[in-house]
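**Student:** First, the structure itself, so that you have it in front of you.
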Amino acid sequence: MEGNILLLSIRPEYAKRIIDGSKTVELRRVRTRLQSGDLVLVYVSSPEKALVGEFKVERVIDKKLPKELNNLWNQVKDEAGIGRTDFNSYYQGASVGVAIFFKHIEIFSQKLELERLRKQLPNLRPPQSYRYMTIDELEAVKSLLA
């Protein structure tokens, strides 16, 4: 696998929208190195604490805030699974707004709970926001799904 592999922590209510297909863009306040074709593993944060799926990055846009906030909203409003009030609150005080558009979502047949992940990857610390993973870590995750 070429490209970046990102473990992305997502709050349960937004992860649910990714799983049901009503959310196809993930919003962030920090730039990543993600590019089209990169792989993102979806980790649902507390209280669930489980890896639930993956997706391929279609494209990434970032906007300077607050100047381009309305422009960002207009580009993501139909796909972000968030209302305008929450969108504005999320980006309040941020200097950049990032939108990660995705495709080819694969929901795992079984959730990989943190406890089980740590048996295979003892040093795994789910990130507050995101962390890059190695190909070896990805292969360890895939072996749990086999």
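Bear in mind these aren't lab numbers, they're just calculated from the coordinates by the rules spelled out. All figures in this text were calculated on a predicted structure; none of them were measured in a lab. Every residue, glycine among them, receives a Cβ derived from its backbone with ideal geometry; neighbour counts consider all protein chains shown.
**Student:** Please report, in debye to the nearest 20, how large the charge dipole of the stretch 45-146 is about its Cα centre when each Lys and Arg carries +1 at its beta carbon and each Asp and Glu carries -1 there.
**Tutor:** Computed about the Cα centre, the dipole is about 200 debye.
**Student:** Would you mind working out the magnitude of the charge dipole of the stretch 69-123 relative to its Cα centre, with +1 at each Lys and Arg C-beta and -1 at each Asp and Glu C-beta, to the nearest 20 Debye? Working shown, then result.
**Tutor:** Working: 7 positive and 6 negative charges, 36 e Å.
For the stretch 69-123, the charge dipole is close to 180 debye.
**Student:** Testing the spin-label approximation: label points 7 Å from Cα along Cα→Cβ at Glu79 and Arg11. State their distance in nm.
**Tutor:** Modelled inter-label distance: 2.2 nm.
**Student:** Across the stretch 5-145, how many lysine pairs, 8 or more positions apart or on different chains, have C-alpha atoms separated by under 19 Å? Please give the number.
**Tutor:** 21
**Student:** Could you check what % of the DSSP bridge pairs in the stretch 1-136 are antiparallel, to the nearest 5?
**Tutor:** On the way: 25 of 31 bridges.
Percentage antiparallel, nearest 5: 80.
**Student:** With a ≥ b ≥ c the root eigenvalues of the C-alpha gyration tensor of the chain, is it rounded (a/c under 1.5), prolate (a/b larger than b/c) or oblate?
**Tutor:** prolate
**Student:** Another one. Over the stretch 44-97, calculate the relative contact order: mean separation of alpha carbon pairs under 8 Å at least 6 apart, over the residue count, as a percent.
**Tutor:** 40
**Student:** In addition: Through the Karplus equation 6.51 cos²θ - 1.76 cosθ + 1.60, θ set to phi - 60°, convert the phi angles of the stretch 134-145 into ³J(HN,Hα) values in whole Hz; use x for Gly and Pro.
**Tutor:** 8, 5, 5, 5, 4, 5, 5, 4, 4, 5, 6, 8
**Student:** Output the relative contact order of the stretch 5-145, whole-number percent, from Cα pairs under 8 angstrom with separation of 6+ residues. Display every interim value, and only then the final one.
**Tutor:** Working: 245 pairs, mean separation 47.8, N = 141.
So the answer I get is 34 percent.
**Student:** Something else about it: How big is the gap, in Å, between the Cα center of the stretch 81-108 and the Cα center of the stretch 41-76?
**Tutor:** One Cα centre to the other: 4 Å.
**Student:** Let me ask you something else. Can you show me the helix-derived [θ] at 222 nm for the chain, built from DSSP H runs with n ≥ 4 at -39,500 (n - 2.57) apiece and divided by the number of residues, rounded to the nearest 500. Let's see the in-between values first.
**Tutor:** Numbers: 5 runs with 42 residues, N = 146.
Taken over the chain, the calculation gives -8000 deg cm²/dmol.
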